[in-house]
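Single-structure report; data block below.
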Amino acid sequence: MALSATFMPPSSPKFNLYSKIRRPFLPHSVNLLKIRASTTLDYSNVSTNDKSSPFKTSNWQWKFKDNFVNIYYEEHVKEGSEPSQNILMMPTISDVSTVEEWRLVAGDIAQRNGDVNWRATIVDWPGLGYSDRPKMDYNADVLEKFLVDFINSPGGPIQQPEKDLIIFGGGHAASIVTRAAKKGLVKPKAIAAVAPTWAGPLPIVFGRDSSMETRYGLLRGTLKAPAVGWMMYNMLVSNGNAIESQYKSHVYANPDNVTPQIVESRYALTKRNGARYLPAAFLTGQLDPVTSREEFLELFAALEGKIPVLVVSTQGSPKRSKAEMEALKGAKGVSKFVEVPGALLPQEEYPALVAEELYQFLQEYFGSKA
């Protein structure tokens, strides 16, 4: 049996970034209407509320080959209401990926009043966040297999009829979700891709020719090795200065939003047992679900006319990542394209604005029925 508990997050500068939003719930019938132009909502009526909603924490065992991997997840649902629709939120894959990045968005949507009650589940990927981090050869196929198992396992955390689950994913997670949907391995009712990416930190800068792939392999092997691997990992990833610099340079758009609490939280994650194994794969491109922009666009094109897909781009993303997001504007298979403030983690830096865009998307397609 999985252990579970209810957790109320404490007040802190990190959570003070959040603003609750309440808007009228306007029913709409489900449709696949194309909204090709970039859309901007009016955020002038956003009000500030520093209270965070309680949520339940649980663990689920994922069987992969001969291993049982303990997986951490959270459930956000309005107290006293019967949920009628599930949303699965997948964290952006990074060195310091965590369910925390989606927590305030999940709480916002779950607590809204409307025709549909929303139950939001956030799960940490194996090898990241508060899930176990076994030593294994992580790649995009492994993470895709996890996603499929988490959604489809009988008696698992996601108990929803087929084709009745909505998935939100950030960064690489969005591309892995879309790839699994393209293959028919998961059958979501809709997908929202928030600041979607497909190329790891080194490949997006240095490319993927044979000589670079050889170097990536050497670096990956070194990071996974005993002793020297920890030394290199501590130098590149697991230190407060590196994390703060990373967040201020390209993860967040506004450096002033990077609080000491955020840096301390992410630093603690890098000290968990086995912390370096998945980041070694991510840095060197092993978690990339595709290898070119053409393949990236094909993921979305395959969903044309099947399900609604929202793409949330950001105003302050790094140049190369921004170009990939912009390539999805007006692309086949993209039902709606919007842009919000932020960089690579808008759901954490500007949770109220992202929650509003996501909620408007839900209203447009599922406003009167779940």
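The values are calculated or read from the model by the stated rules, or taken from the named source; none is laboratory data. Bear in mind that the values here come from a model prediction, so they are computed numbers and not experimental data. Counting neighbours? That spans all protein chains shown, and the Cβs are built from the backbone with ideal geometry, glycine included. For accessibility, only protein heavy atoms count, side chains too; no ligands or nucleic acids. Shrake-Rupley method; radii C 1.70, N 1.55, O 1.52, S 1.80 Å.
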Exercise for the section: Decide, for segment 130-187, between rounded, prolate and oblate: order the square roots of the alpha carbon gyration tensor eigenvalues as a ≥ b ≥ c, take rounded if a/c falls under 1.5, and otherwise choose prolate if a/b is larger than b/c, else oblate. Expected result: oblate
Practice task
Using only the Cα atoms of segment 211-370, each taken as one equal point scatterer with no solvent, compute I(q) by the Debye sum, divide by I(0), and report log10 of the ratio at q = 0.17 Å⁻¹.
Solution key: -1.16
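Summing +1 for each Lys or Arg and -1 for each Asp or Glu, what net charge is found among the other residues whose Cβ lies under 12 Å from the Cβ of Lys248?
Numbers: positive: none; negative: Glu244, Asp256, Glu349.
In short, -3.
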Exercise for the section: Pop the C-beta distance of Phe64 and Asn273 into the FRET formula with R0 = 22 Å and round what comes out to the nearest 0.05. Expected result: 0.80
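Lys332 to Ala227: FRET efficiency via 1/(1 + (r/R0)^6), r the Cβ-Cβ distance, R0 41 Å, to the nearest 0.05?
Values: r = 49 Å, r/R0 = 1.21.
Efficiency, from the Cβ-Cβ distance: 0.25.
Specify whether the C-alpha gyration tensor of segment 93-162 places it in the rounded, prolate or oblate class, a ≥ b ≥ c being the square roots of the eigenvalues: rounded for a/c under 1.5, otherwise prolate if a/b is larger than b/c and oblate if not.
Details: a/c = 3.03, a/b = 1.51, b/c = 2.00.
Cα axes put segment 93-162 in the oblate bin.
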Exercise for the section: Among the listed pairs Lys224/Lys248; Lys189/Lys336; Lys163/Lys183; Lys135/Lys183, give every one whose C-alpha distance is greater than 24 Å. Expected result: Lys224/Lys248; Lys135/Lys183
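Among residues other than Leu297 whose Cβ falls under 10 Å from its Cβ, what is the net charge (Lys/Arg +1, Asp/Glu -1)? Mind dumping the intermediate values first?
Working: positive: Arg293, Lys332; negative: Glu294, Glu295, Glu298, Glu324.
Value of the local net charge: -2.
Could you tell me which of the pairs Lys56/Lys332; Lys78/Lys319; Lys182/Lys319 are separated by over 31 angstrom between their Cα atoms in the structure shown? Show your work: numbers first, answer last.
Numbers: Lys56/Lys332 38 Å; Lys78/Lys319 39 Å; Lys182/Lys319 27 Å.
Lys56/Lys332; Lys78/Lys319, as the Cα separations exceed 31 Å there.
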Handout entry: Mean-position separation - Cα centroids, segment 319-370 and segment 92-164, in angstrom
Key = 18
Handout entry: Separation of the Ser211 and Gln159 label points, Cα + 7 Å toward Cβ, nm
Key = 5.8
Completion exercise
extent check for segment 56-117: Cα max minus min per principal axis, descending, whole Å, gives 44, 24, 15
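If packing is taken as the average number of other Cβ atoms within 10 Å across a peptide's residues, how do 184-194, 225-235, 145-155 rank, most packed first?
Details: 184-194: 21.7, 225-235: 13.0, 145-155: 16.2.
Descending mean neighbour count gives 184-194, 145-155, 225-235.
Using a 1.4 angstrom probe, figure out how much accessible area segment 155-266 has per residue, in square angstrom, rounded to the nearest whole.
Values: 4780 Å² over 112 residues.
Ligands and nucleic acids excluded, the result is 43 Å² per residue.
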Handout entry: Compactness relative to 2.2 N^0.38 Å, alpha carbon Rg of segment 107-204
Key = 1.15
Exercise for the section: Would you mind counting up the charge near Lys65? Only other residues with Cβ under 13 Å from its Cβ, with Lys and Arg at +1 and Asp and Glu at -1. Expected result: -1
Handout entry: Taking the convex hull of Cα positions in segment 307-370, its mean projected area over all directions (nm²)
Key = 4.5
